[in-house]
Amino acid sequence: MKIAIASGKGGTGKTTIATNMAVAIAREGRDVTYIDCDVEEPNGHIFLKPKIREQYDATVLVPHVDLNKCTLCGDCSAACEFNAIAVLGKTVEVFPSICHSCGGCSDVCPENAIVDIPRTIGHISHGDGMGVQFYEGRLNVGEAISPPVTKALRRLDTDSEVLIIDAPPGTSCPVIEAISGTDYVILVTEPTPFGLNDLKLAVGMVQEIGLPHGVVINRSDIGDGKTEEFCHRQNLDILMTIPFERRVAEAYSRGEMMSDVNSEYERRFWELYCSIAEKVSS
Amino acid sequence: MRIAIASQGVEKTSAVDPRFGRASYFLVFDTSDESLEVVENNQNVNAAQGAGIQAAENIAKKNVDIVVASNYGPKAFRALEVAGIKAAIWADGTVSEAIELAINNKLKICDKANVEGHWM
């Protein structure tokens, strides 16, 4: 069972929902893996406090030009949509930071002068915390293209019964990379005009990909009723509503579980999981 | 000496384009025969990324020694450096004034990028 936690808007509570649900599932004795795919700002570790056991590089392939074979014909540069390789005087220069690793330049090179070499753009950490298997991807500072790190995370071999995938915010490539191939997507929102606007975009995204989905409304009593109205109109399942509670917010700010201050939440997150498992299997 | 001027138009009276990568044109002046060649740079004006790199490649093909514009990002500067083209800073007037200043060696030459990438 692969469940992704996504949202259009940032700061709605994806990681709160993902980590609390993962821990609730683990406490029921299930084998659960949490994967932090928010590789530009992963923060699941703050809540799960994992002991990291291994780390490895996340790499992309970039071209390397053998100038002994190169005739400076410029086919590589003409093929590159991203201007990441250029013939400049008597040499060919590669600009790895804007290369999209498509391999087009090496494909078109008539002299076979281009080979692809790995370049590290981030790293993946693996460990466990609070009874949950933990993976996290982290993009190096200054890198612009995050999906390859997410792809490496999603390709991991895990035999866990339940995978909880914490997606980045938004509706663009990094999110799509994170949620593709999952069984269910939880869209976390808040009942504000910004939350609703971005929820609509996120719903459009999951419908376009064709993934089953439902909504969790966080801080459900702070805004207006328009988000619920929207969900009813669109026939979206509201899986859970979480009212604002100061002691829960304080626990969050200390990196603690919601159930640490309100024991009801362990049961509520287990029920959230069960309701999704039922939808997926039916 | 071959001098490329980032230009907003195709005449010697055209204004210098302060942008290097996304300049509308480059006018290439050759001091040996005083010829002026127009190099289109329009595929770069709307490039998503790497406009400076492509612009450097465009003028490197024309065997240029020096280019005049006023803003060079880090990748554009690197590309010019590799191509052996000097990056001169000036964008206050016309192409013919820029040529005059370049010939008389009166322009400041960059030793590093002078704007951030994607500065506009």
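Read the figures in this text as sums done on the coordinates, not as results from a lab. Not measured: the values here are computed from a predicted model. Every residue, glycine as well, gets a Cβ built from its backbone with ideal geometry; the counts of neighbours run over all protein chains shown.
General observations
- Pairs of lysines in chain B (C-alpha under 18 Å apart; 8 or more residues apart or interchain): 8
- Estimated vicinal HN-Hα couplings, Hz - the range A:50-65 in sequence order (Karplus 6.51, -1.76, 1.60; Gly, Pro = x): x, 8, 7, 9, 8, 9, 9, 6, 9, 10, 10, 8, 10, x, 10, 9
- Taking θ as phi - 60° and the Karplus parameters 6.51, -1.76 and 1.60, the scalar couplings of the range A:11-17 work out to x, 8, x, 3, 5, 4, 5 Hz in sequence order, x denoting glycine and proline.
- Isolated Cys residues of chain A, judged by Cβ distance under 4.7 Å to other cysteines: A:CYS37, A:CYS70, A:CYS73, A:CYS80, A:CYS99, A:CYS102, A:CYS109, A:CYS173, A:CYS231, A:CYS274
- Within the range B:1-50, the GluC sites (Glu not before Pro) that combine a DSSP coil assignment with at most 15 other C-beta atoms in a 10 angstrom radius are B:GLU11, B:GLU34.
- Protection proxy ranking, peptides A:171-184, A:228-241, A:149-162, average beta carbon neighbours within 10 Å, highest first: A:171-184, A:149-162, A:228-241
- The largest-to-smallest principal axis extents of the Cα set in the range A:60-120 are 28, 18, 17 Å.
- Here the dipole of chain A is about 260 debye; that uses its Cα centre as origin and unit charges on the Cβ of Lys and Arg (positive) and Asp and Glu (negative).
- For the segment A:75-84, counting C-beta atoms of other chains within 10 Å of every residue's C-beta and taking the mean gives 4.
- Separation of the A:ARG246 and A:SER180 label points, Cα + 7 Å toward Cβ, nm: 4.7
- Given +1 at the Cβ of Lys and Arg, -1 at the Cβ of Asp and Glu and no other charges, the dipole of chain B around its Cα centre is 420 debye to the nearest 20.
- Net length gained if the chain between A:ARG155 and A:ASP260 were fully extended (0.36 nm per residue, minus Cα distance): 34.5 nm
- Within the range B:3-91, percent of DSSP bridges classed antiparallel, to nearest 5: 60
- Histogram of C-alpha separations across the range B:1-50, 5 Å bin width, %: 5, 24, 27, 23, 13, 6, 2, 0
- Reducing the range A:50-72 and the range A:203-236 to their Cα centroids gives an inter-centroid distance of 41 Å.
- The range B:2-109, relative contact order [Cα under 8 Å, separation at least 6], %: 30
- Computed from the Cα positions only, the extents of the range A:16-130 along the three principal axes stand at 64, 23, 20 Å, in decreasing order.
- Taken along its principal axes, the alpha carbon cloud of chain B reaches lengths of 35, 27, 26 Å, longest axis first.
- Beta-bridge orientation, chain A: approximately 50 percent antiparallel, per DSSP, counting only bridges with both partners inside.
- Taken over chain A, the convex hull of the Cα atoms encloses 144 Å³ per residue.
- Put in line by how crowded their Cβ is, counting other Cβ atoms within 10 Å and starting with the fewest, A:MET130, A:MET258, A:MET205 read A:MET130, A:MET205, A:MET258.
- Evaluated with a Cβ-only charge set (Lys, Arg +1; Asp, Glu -1), the range A:131-282 carries a dipole of roughly 280 debye about its Cα centre, given to the nearest 20.
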